[in-house]
Amino acid sequence: MTRMGILGPKGTHSEAAGRYLQHYLQNKSELVLYDDIFDCLRAVELRQIDTAFVPVENSLEGSVNITLDMLAHSDSLRVVRELIWPVHNYLMARPGTKTVRRVFSHPQPISQCWTFLKSNYPQAECVKTASTARAAQLVAGQNPEAGWAAICTRRAGELNGLVTVAAEIQDNMANCTRFFEVQRRSAPVPRDHADKVLIICQIDGSRSGALCEILEEFARRRVNMTRIESRPARTKLGDYIFFFDLDTRTDPQNLQDSIQAVANKCIWLKNLGAFPVYTVTAAEAEEA
């Protein structure tokens, strides 16, 4: 059996999406829990696990930088699958909690629920934790009189004996997170259809019009970019790398020609693979 790393502990959004991947996409991998995303991806590089299933972007809070940076600076990783997961946040506490004084959660859910928190618990202190599941564990270890609550998944709360104070507290009901399944380049490629290609490159930012020239290579061949993102190159101030998600629903030759033309104008370019995209509905997520 193959082994797939996810962000733990049990009850995180990553675990919920990973469980869906197991049961609904016939992925029979054993789930291996890690404390952070870096360790999870690093374990793939070191051949300790076969794949990693990690968040890359949230629709409200933007990119998960550690995931992007690891993909950009690794020579041994590629993307084999994307999953778009609807995010449901719950405020949960010990039974008998009457007043919420402190709210624990990962920084992203705290931001995703900021309007709700300020409207309903303006005096509560927000405390950031490594994960939503860790927040649930911390709250479970306190007496109800302390007034601690966690923003977490319903599963994380229930695993730790918490009850729901408020459900679906995210500020936007369309809140969702994109996950990448990542494996080593040397591993066999899954036989799936492809919806996207991900390329990463560094351009010469000191040259006027360099980025415009890159974009023109895609435009003139009618290759649609579904996403563009920049991150510091970690070389010197002002150096940036760019991430491009390219739609594969175009002429295959035009797609390959555009990537080659861009590579010729870059300092370096990595093609992280072509992969399918699966979108999970709210109903499917609740059943997982």
Practice prompt. Determine the relative contact order of the chain: mean sequence separation of Cα pairs under 8 Å and six or more apart, normalised by residue count, in whole percent.
Written response: 23 percent
Worksheet entry | Net +/- balance of residues flanking G8 in space, Cβ distance below 12 Å, scoring K and R +1, D and E -1 | -2
Worksheet entry | Kirkwood Rh in Å, taken over segment 90-166 so that all alpha-carbon pairs contribute | 11.7 Å
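Restricting the count to DSSP beta bridges whose residues both fall in the chain, what percent are antiparallel, rounded to a multiple of 5?
Restricted to the chain, the bridges split so that about 75 percent are antiparallel.
None of the figures in this text is laboratory data; all of them are computed from the coordinates on show. Everything quoted here is computed from the prediction, not taken from an experiment. Cβ atoms come from the backbone with ideal geometry, glycine included; neighbour counts cover every protein chain shown.
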